[in-house]
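Notes for the one structure printed next.
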Amino acid sequence: EVDDLQYHTIGFAHRNPSRHVGYGLSGIFFDAGSLREATAAGALTGKTFNSRDGAVYFSVGAGFGGEDGRKRAAVGGNFKAVRGEIAEYNATGFGADLGFLFLPAEWARMGVMVENLIAPTFAFKTTDEKFPLRIRGGISVDPFTWMTLATDVENEEGDVDFRFGGEIRLFSKVLGLRGGYTTDSGEFLAGLGFNIKFLALDYAYSTHDDLGQTHRIGLTIRLK
């Protein structure tokens, strides 16, 4: 019963070109809807409860250039506050992530991220629940000016998953056609992106083992 699931994100980012520093503020909200209560043996009690999660991120990053003035590398981090609610219990935790980006050439990018380097911890009742450490690494290349291919790998406490994707840009990069696959959920994904001046609209469709057919919509507004 996943008809009532809600997942929303919102964010703002700003870059200071003179100092090669950028920062951002974002929020994530997840609501599982009304869930049926059951005993430890699996028998339904006839009652329902809610489960919600949310997080606020403050992000900062800085780029570093080579002798030719082109950016060669960047480092950034997230500082986050996470809150969880389930039935009458709630908990709040704080944590941090760290990431690095390398640009060996104009057509190639490499990155690595350590998520939950400082792991938030939830204490709903008597047992603490600590967020898992995730290490992600990836690379993307542009074999042509109108094409990008990317892959990354994620290690979560020994559980390894892979993701593959690509984008083809048409009509002077106004339209983007995208596709991908992820091994952790067995999802195939396809999407479209429209870029018109200061506005970008993104749509993605995927098949999920548990959620079935899902649709994602994103809107980006660039302010000068």
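The values are calculated or read from the model by the stated rules, or taken from the named source; none is laboratory data. Quick caveat: nothing in here was measured; it's all calculated off a predicted structure. In this analysis, Cβ positions are derived from the backbone assuming ideal geometry, glycine residues included, and neighbour counts consider all displayed protein chains. What goes into the accessible areas is simple: the full protein's heavy atoms, side chains included, and nothing from ligands, DNA or RNA. Shrake-Rupley method; radii C 1.70, N 1.55, O 1.52, S 1.80 Å.
Per-structure values
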| read-out | value |
| --- | --- |
| Every residue from segment 89-110 that is more than 26 Å from A150 (Cα to Cα) and either of a type in the set (S, T, N, Q) or touching a Gly at 6+ places or on another chain (Cβ under 9 Å) (or both) | N90, A91, T92, G93 |
| Check on R216, assigned to a strand (DSSP E or B) and exposed (fewer than 14 other Cβ atoms within 10 Å of the Cβ) | yes |
| Residue pairs meeting the criteria (Cβ under 7 Å; at least 6 apart or on separate chains; first farther than 17 Å from L189 by Cβ, in segment 129-151; second open to solvent by 40 Å² or more (accessible area, probe 1.4 Å) and assigned to a loop (DSSP other than H, G, I, E, B)) | P132/E157; L133/E157; V141/W107; D142/W107 |
| Odd one out for V112, checked against (1) open to solvent by 50 Å² or more (accessible area, probe 1.4 Å); (2) more than 26 Å from S140 (Cβ to Cβ) | (2) |
| The listed residue being in a strand (DSSP E or B), over 24 Å from L133 (Cα atoms) and of a type in the set (A, V, I, L, M, F, W, C), out of F29, F49, F94 | F49 |
| Flag if R72 is farther than 24 Å from P120 by Cα, without any contact (Cβ under 8 Å) to a residue 24 or more places away in the chain and open to solvent by 70 Å² or more (accessible area, probe 1.4 Å) | no |
| Residues of segment 43-61 satisfying the condition of being touching a residue at least 24 places away in the same chain (Cβ under 8 Å), open to solvent by 30 Å² or more (accessible area, probe 1.4 Å) and hydrophobic (A, V, I, L, M, F, W, C) | F49, V56, F58, V60 |
| Members of segment 153-176 found to be touching a residue at least 12 places away in the same chain (Cβ under 8 Å), farther than 24 Å from M110 by Cβ and open to solvent by 50 Å² or more (accessible area, probe 1.4 Å), listed by number | L170, V174 |
| Residue match in segment 130-142 (condition: of a type in the set (F, W, Y), closer than 21 Å to H8 by Cβ and either surrounded by 15 or more Cβ atoms within 10 Å (Cβ to Cβ) or out of contact with any Ser or Thr (no Cβ under 9 Å at 6 or more places or on another chain) (or both)) | yes |
| Some residue of segment 22-42 being open to solvent by 80 Å² or more (accessible area, probe 1.4 Å), of a type in the set (A, V, I, L, M), on the phi < 0 side of the Ramachandran plot and modelled with pLDDT of 95 or more | yes |
